[in-house]
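**Student:** To start, I am sharing the structure in question, which I have written as structure tokens.
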Amino acid sequence: MNETYYIGFDVHKQSVSYCVKRASGEIVQEGQLRARREDLRAWAAAQPGPWRGAMEATLFSAWIYDTLKPYAQQLEMGHPARMKAIACAKKKSDRLDARTLADLLRCNLLPASYVLPPALRDLRRLLRYRQLVVSQAVRMQNKIAGLLMETGAPFLKTKLHGKKYFNQLLQTLEEVPESVKDLLRMSRGALEMFQACQKRLIQKLLAAPGLAARVDRLATIPGVGVLTALTWALEIADPERFSSIGQALSYCGLTSAFRSSAGHEQRGPISKQRNAWLQTALIEAAKLAPRWNHQLAAVYERERERGHRNRATLQVARKLVAYLIAVDKSGQPFQMRTAPAPAGVFSTQKERQARAALQPA
């Protein structure tokens, strides 16, 4: 029976340091490779036996992971926020980091993170790029308004970014330097380019096989639009990796930090350990969702009566997560519950959350 080797990879932009160990901890081989696909494939194919590998999640890890995975018996990516053995080490070098990763792997102590399949990762990259494009479009809108205010030119704020009104405004501007008019034209051209780009990105995402059906199913929830459904589908990927609503809420950044020691429990502010892209999308959706969903409106009004609008929005976002995870796991369109359960039956927090999630058909 072939012996299994344990390999730690410390990845960088131009190099990959590795350390090969036996199950006993004995170092078999260590060195450094150039971060090139052909070099990594040649090295992986030349290993003497089956091996398991581990690397830390960085900007450069995804393509290295995809390159080495076909050659590995098992390949995992460690969560950088939970790898204190590397981040807080007194002595730190590429060689020592690779050794530590190999030790964590062979002792089954590696805090592995979820790795998206390459196809979903490519689609998620498009969606995140679209958010960059939208932010640049907003900057151009603000710049156009700023240039006009700078020169004292009157304009209608509600119509400024309409194409017809903008062209008419340029023709009627008086006592405005020609250089400012040129900047206005360039800013308008950039704005139209960014708007067209983000529309093409959305069309490409919705044309992806299997994704459109999932987005349509999630969009059956009143208050959930196409962009919110797209963000959920591509950031969550596989909903089955969350065994409870609480885990999904924590991943979305909608729960507070919790500390318990010597019988004392303390709740902090909303935790920074979250998926920031998904958190932003859910909070923005929660601000508008009560307009189309009367149950979410009731949740918002109940929390707002306690005197805090932001907490009311946060509670609506939590309810949206419960709806989304229920629909996504069931694979069925959303259906409003007609007969709610009697009050007082559910007592624990998890049971109240389960009751709050409307059961899909």
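The values are calculated or read from the model by the stated rules, or taken from the named source; none is laboratory data. These figures come from a predicted structure and were not determined experimentally. Quick reminder, even Gly has a Cβ in these numbers, built from the backbone with ideal geometry, and neighbours come from all protein chains shown.
**Student:** For segment 211-231, name all the residues that are more than 10 Å from Pro333 (Cα to Cα), of a type in the set (Val, Ile, Thr) and not in a helix (DSSP H, G or I).
**Tutor:** First pass over segment 211-231, keeping only residues more than 10 Å from Pro333 (Cα to Cα): 211-213, 215, 222-231.
Next, from what is left, pick out any that are of a type in the set (Val, Ile, Thr): 215, 224, 226, 228, 231.
Scanning segment 211-231 gives a single hit, Val224.
Here is a yes/no grid of residues against (1) in contact with a strand residue (DSSP E or B) (Cβ under 9 Å, 6 or more places away or on another chain); (2) modelled with pLDDT under 95; (3) polar (S, T, N, Q):
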{"residue": "Lys272", "(1), (2), (3)": "yes, yes, no"}
{"residue": "His294", "(1), (2), (3)": "no, yes, no"}
{"residue": "Ala297", "(1), (2), (3)": "no, yes, no"}
{"residue": "Glu301", "(1), (2), (3)": "no, yes, no"}
{"residue": "Arg304", "(1), (2), (3)": "no, yes, no"}
{"residue": "Arg311", "(1), (2), (3)": "no, yes, no"}
{"residue": "Leu314", "(1), (2), (3)": "yes, yes, no"}
{"residue": "Val321", "(1), (2), (3)": "no, no, no"}
{"residue": "Ile325", "(1), (2), (3)": "no, no, no"}
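**Student:** Filtering segment 247-278 down to residues that are buried (at least 16 other Cβ atoms within 10 Å of the Cβ) and touching a residue at least 60 places away in the same chain (Cβ under 8 Å), which residue is farthest from Leu211 (Cα to Cα)?
**Tutor:** Among those residues, the one meeting the criterion is Leu254.
**Student:** Could you look through segment 67-78, keep only residues that are touching a Phe, Trp or Tyr at 6+ places or on another chain (Cβ under 9 Å) and outside any strand (DSSP E or B), and pick out the one that is surrounded by the fewest Cβ atoms within 10 Å (Cβ to Cβ)?
**Tutor:** Only one residue tops the list, namely Gln73.
**Student:** Hey, can you tell me all the residues within segment 215-231 that are in contact (Cβ under 8 Å) with a residue 40 or more places away in the chain and surrounded by fewer than 19 Cβ atoms within 10 Å (Cβ to Cβ)?
**Tutor:** Those that are in contact (Cβ under 8 Å) with a residue 40 or more places away in the chain and surrounded by fewer than 19 Cβ atoms within 10 Å (Cβ to Cβ): Thr220, Pro222, Gly225.
**Student:** I need every pair where a residue in segment 326-342 that is assigned by TED's automatic domain parsing to the domain that holds Trp232 and of a type in the set (Lys, Arg) has its Cβ under 8 Å from the Cβ of a residue that is exposed (fewer than 11 other Cβ atoms within 10 Å of the Cβ) and at pLDDT 90 or above, sequence separation at least 6 or different chains.
**Tutor:** Lys329/Glu240
**Student:** Here's another thing I want to ask about it. Among the residues of segment 21-66, which ones are polar (S, T, N, Q), part of a loop (DSSP other than H, G, I, E, B) and touching a residue at least 24 places away in the same chain (Cβ under 8 Å)? Walk me through how you get there before you give the answer.
**Tutor:** To start, the set of residues in segment 21-66 that are polar (S, T, N, Q) comprises 24, 29, 32, 47, 58, 61.
Keeping just the survivors that are part of a loop (DSSP other than H, G, I, E, B) gives 24, 47, 58.
Within segment 21-66, Gln47, Thr58 qualify.
**Student:** Taking segment 171-189 only, how many residues are among the hydrophobic types (A, V, I, L, M, F, W, C) and under 17 Å from Asn142 (Cβ atoms)? Even if it seems obvious, please write down each step before you answer.
**Tutor:** Quick first cut of segment 171-189, residues among the hydrophobic types (A, V, I, L, M, F, W, C) only: 173, 176, 180, 183-184, 186.
Among the residues that remain, those that are also under 17 Å from Asn142 (Cβ atoms) are: 180, 183-184, 186.
Here the count works out to 4.
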